[in-house]
Amino acid sequence: MTRGELQDYVYRHIPIVQVNNLVIHGVDNHSVSVAGSFSDHVNHRGSVFGGTIGTAMTVAAWAQVELLMNDIEPDADIVVARQTVQFVLPVVEDFVATSREPEVDAVSRFTAAYRAHGKAKLTVNAELRCAGDIEPRALFSGQFVVRRRTPGRA
């Protein structure tokens, strides 16, 4: 899936992404990045609202699972079962949240479980940085549950 195709898909199926002016910044075989503008998300303390930070990282990680499932079963349901967000530093400029590709062994176990049972779990991590950052400003870890879509569900 190209960056533009993923952008269109996300805007259609996850409306908060478009409402919050978040954009799919990049897609490759190893990560997905979601970008946002500081000026669109400034809170009363002059930094980016924590909900926006969480949303950007969740979408980046979710998209990583979505792309993986495109090769296995595109119509599967993907749900965030559990997530944690760690806010390390204030975000005071434009930002990019980037998923980190899960380890090959984890993906192999996930794929085997999904094919055998129609349901599987995968943990995906993401981080958020501003331009020039060496250290991330926020960290995300999410456990995604994927299950075969029930017939008749849209």
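I need the full set of residues from the range 51-98 which are of a type in the set (Asp, Glu) and surrounded by fewer than 19 Cβ atoms within 10 Å (Cβ to Cβ), in order please. Reasoning before the result, please.
Let us first name the residues in the range 51-98 that are of a type in the set (Asp, Glu), namely 66, 71, 73, 75, 77, 93-94.
Hits for the range 51-98 are ASP71, GLU73, ASP75, ASP77, GLU93, ASP94.
Taking the range 103-132 only, how many residues are surrounded by fewer than 20 Cβ atoms within 10 Å (Cβ to Cβ), closer than 23 Å to ILE24 by Cβ and within 20 Å of the chain's Cα centre (by Cα)?
So the count comes out to 6.
Hey, among the residues in the range 1-17 that are aliphatic (A, V, I, L, M) and either more than 13 Å from the chain's Cα centre (by Cα) or under 19 Å from GLY54 (Cβ atoms) (or both), which one's surrounded by the fewest Cβ atoms within 10 Å (Cβ to Cβ)?
ILE16
Select from the range 62-106 the residues that are of a type in the set (D, E, K, R) and in a strand (DSSP E or B) and write down the one among them that is nearest to GLU135 (Cα to Cα).
Residue satisfying both the conditions and the ranking: ARG100.
Residue by residue through the range 137-154, note down the ones that are modelled with pLDDT of 95 or more, of a type outside the set (Gly, Ala, Ser) and within 22 Å of ASP71 (Cβ to Cβ).
Going residue by residue through the range 137-154, those that are modelled with pLDDT of 95 or more are 137-147.
Then keep just the ones that are of a type outside the set (Gly, Ala, Ser); that gives 137, 139-140, 143-147.
Residues satisfying the conditions are GLN143, PHE144, VAL145, VAL146, ARG147.
Among the residues of the range 36-50, write down those that are part of a helix (DSSP H, G or I) and exposed (fewer than 13 other Cβ atoms within 10 Å of the Cβ).
Of everything in the range 36-50, just one residue is part of a helix (DSSP H, G or I) and exposed (fewer than 13 other Cβ atoms within 10 Å of the Cβ), namely SER39.
Before we move on, is VAL59 under 23 Å from ARG148 (Cα atoms) and assigned to a helix (DSSP H, G or I)?
In short, yes.
How many residues are out of contact with any His (no Cβ under 9 Å at 6 or more places or on another chain) and surrounded by 13 or more Cβ atoms within 10 Å (Cβ to Cβ) when one looks only at the range 23-35?
So the answer is 6.
Tally the residues that are in contact with a Pro (Cβ under 7 Å, 6 or more places away or on another chain) and farther than 16 Å from GLU66 by Cα, restricting the search to the range 90-136.
Looking only at that region, the number is 3.
Can you tell me which residue within the range 13-31, out of those that are assigned to a loop (DSSP other than H, G, I, E, B) and at negative phi, is modelled with the highest pLDDT?
Looking at the filtered set, the residue picked out is LEU22.
The values are calculated or read from the model by the stated rules, or taken from the named source; none is laboratory data. A quick note: this is a predicted structure, and the numbers were derived from the prediction, not measured. As a convention, Cβ positions derive from the backbone with ideal geometry for all residues, glycine included, and neighbour counts pool all protein chains shown.
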